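*Asks:* The structure is given below, and queries will be raised subsequently.
The values are calculated or read from the model by the stated rules, or taken from the named source; none is laboratory data. The model shown is predicted, which means the values in this text are computed figures rather than measured ones. Here Cβ is always computed from backbone atoms with ideal geometry, including for glycine, and neighbour counts include all displayed protein chains. Just the protein is used for accessible areas: all its heavy atoms, side chains included, with ligands, DNA and RNA removed. Shrake-Rupley method; radii C 1.70, N 1.55, O 1.52, S 1.80 Å.
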Amino acid sequence: MKDVVLLEKSELTAGSTWHAAGLTTYYHPGINLKKVHFDSIKLYESLEAETGQAVGFHQPGSVRIASTAARVDEMKYQMTRTHWHVTPQYLIGPEKVQDLFPLLNIDK
């Protein structure tokens, strides 16, 4: 596309673009949306270097919790599909989740 303008309230991803552009996570079950997420993140990572304009892009990461064996199996399956679009995804245990997010009560 050409001649496109993105208007944001304060800084990039402060309003609706955080979700619309697929910037929340690499994780998505659909192949096409997984590609949109990947391509969007790679674009926003390069904007400041390309334009000289700070865009305020932050990548805090995400943790998805599987509370049943079926959900663990689903996550493992989704992780096998990453070869279509290489993304950093890891299966971690409760102790590592606690390290990443100390406010979470892992006893429940």
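*Asks:* If you go through the stretch 53-63 one residue at a time, do you hit one that is under 22 Å from Val5 (Cβ atoms) and modelled with pLDDT of 85 or more?
*Replies:* yes
*Asks:* I would also like to ask the following. I'd like to know if the stretch 28-46 contains one or more residues that are among the β-branched types (Val, Ile, Thr), modelled with pLDDT of 85 or more and either within 8 Å of the chain's Cα centre (by Cα) or open to solvent by 40 Å² or more (accessible area, probe 1.4 Å) (or both). Break it down stepwise before answering.
*Replies:* Residues of the stretch 28-46 among the β-branched types (Val, Ile, Thr): 31, 36, 41.
Checking the rest, the ones that are also modelled with pLDDT of 85 or more come to none.
The answer is no; no qualifying residue exists.
*Asks:* Report whether or not Gln89 is over 20 Å from Leu7 (Cα atoms) and either open to solvent by 90 Å² or more (accessible area, probe 1.4 Å) or assigned to a helix (DSSP H, G or I) (or both). If you could, list the steps in order and put the result at the bottom.
*Replies:* On the way: over 20 Å from Leu7 (Cα atoms): yes; either open to solvent by 90 Å² or more (accessible area, probe 1.4 Å) or assigned to a helix (DSSP H, G or I) (or both): no.
For Gln89, the condition - over 20 Å from Leu7 (Cα atoms) and either open to solvent by 90 Å² or more (accessible area, probe 1.4 Å) or assigned to a helix (DSSP H, G or I) (or both) - is not met.
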